[in-house]
């Protein structure tokens with residue numbers, strides 16, 4: 001099962017995803033794929049805080065810190081495990097902006113899109129429940145920065161590809177879930 005949970009910044013989507021994962025998990029292992037990179041002391045502190053919170057929330061939680069090539073941890077998943085990937089937005093940025101100039105090349109752009117969407121399809125094929133958290137960045141003012149503009153455009157296409165393959169698509173607004181596909185309210 002593949003579930004997309006998206007919404008604006010600080011809308012409660014990660015908390016909703018963790019609650020949903022806990023409801024699905026029972027006594028199963030929860031694999032938490034964290035895509036953020038630690039660049040400073042504050043990020044390290046936040047990382048440790050989040051790990052401690054997850055360990056309290058889930059009886060069996062394994063955190064994978066994987067900013068790139070998340071498929072490298074797929075071999076650790078077993079039938080019935082719960083996977084929570086937080087977040088697509090950061091993972092895509094990590095892959096797309098791996099260096100200062102590659103993203104400008106159409107071949108590289110296509111390769112990143114195909115890598116991300118094929119990785120999501122691989123997750124869909126596994127005998128697991130996978131919750132994907134992402135951000136809605138497309139409702140704001142258009143960016144004049146070429147990299148940001150292209151990134152937002154690719155994120156929109158990635159979201160569409162995920163929705164095509166997922167069982168549920170949920171938008172969180174002000175802490176409230178709205179089912180756009182599958183689930184309670186379609």
The correct count of residues that are under 21 Å from residue 7 (Cβ atoms) and at pLDDT below 95 in segment 95-122 is 0
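Would you check if residue 151 is surrounded by 16 or more Cβ atoms within 10 Å (Cβ to Cβ), at pLDDT below 95, touching a helix residue (DSSP H, G or I) at 6+ places or on another chain (Cβ under 9 Å) and in a helix (DSSP H, G or I)?
Numbers: surrounded by 16 or more Cβ atoms within 10 Å (Cβ to Cβ): yes; at pLDDT below 95: yes; touching a helix residue (DSSP H, G or I) at 6+ places or on another chain (Cβ under 9 Å): yes; in a helix (DSSP H, G or I): yes.
Answer is yes for this residue.
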Say we look at segment 80-126 and pick out the residues that are under 18 Å from residue 70 (Cβ atoms) and in a loop (DSSP other than H, G, I, E, B); which of these is nearest to the chain's Cα centre (by Cα)? 87
Based on what the data block shows, is residue 75 surrounded by 17 or more Cβ atoms within 10 Å (Cβ to Cβ) and either touching a helix residue (DSSP H, G or I) at 6+ places or on another chain (Cβ under 6 Å) or not in a loop (DSSP other than H, G, I, E, B) (or both)? no
Could you figure out which of (1) more than 22 Å from residue 176 (Cβ to Cβ); (2) free of Cβ contacts under 8 Å to residues at least 40 places away in the same chain; (3) touching a helix residue (DSSP H, G or I) at 6+ places or on another chain (Cβ under 7 Å) isn't true of residue 22? (1)
Taking into account only those residues within segment 1-14 that are at pLDDT 90 or above and either surrounded by fewer than 17 Cβ atoms within 10 Å (Cβ to Cβ) or assigned to a strand (DSSP E or B) (or both), which is farthest from the chain's Cα centre (by Cα)? 1
Checking residue 67 against (1) assigned to a loop (DSSP other than H, G, I, E, B); (2) over 12 Å from the mean Cα position of the chain (by Cα); (3) surrounded by 14 or more Cβ atoms within 10 Å (Cβ to Cβ), the condition it does not meet: (2)
Selected residue (criterion: nearest to residue 70 (Cα to Cα)) from residues of segment 25-52 that are touching a residue at least 40 places away in the same chain (Cβ under 8 Å) and assigned to a loop (DSSP other than H, G, I, E, B): 35
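The values are calculated or read from the model by the stated rules, or taken from the named source; none is laboratory data. Predicted model, so just to flag it, every value in this text is computed and none were measured. Every residue, glycine as well, gets a Cβ built from its backbone with ideal geometry; the counts of neighbours run over all protein chains shown.
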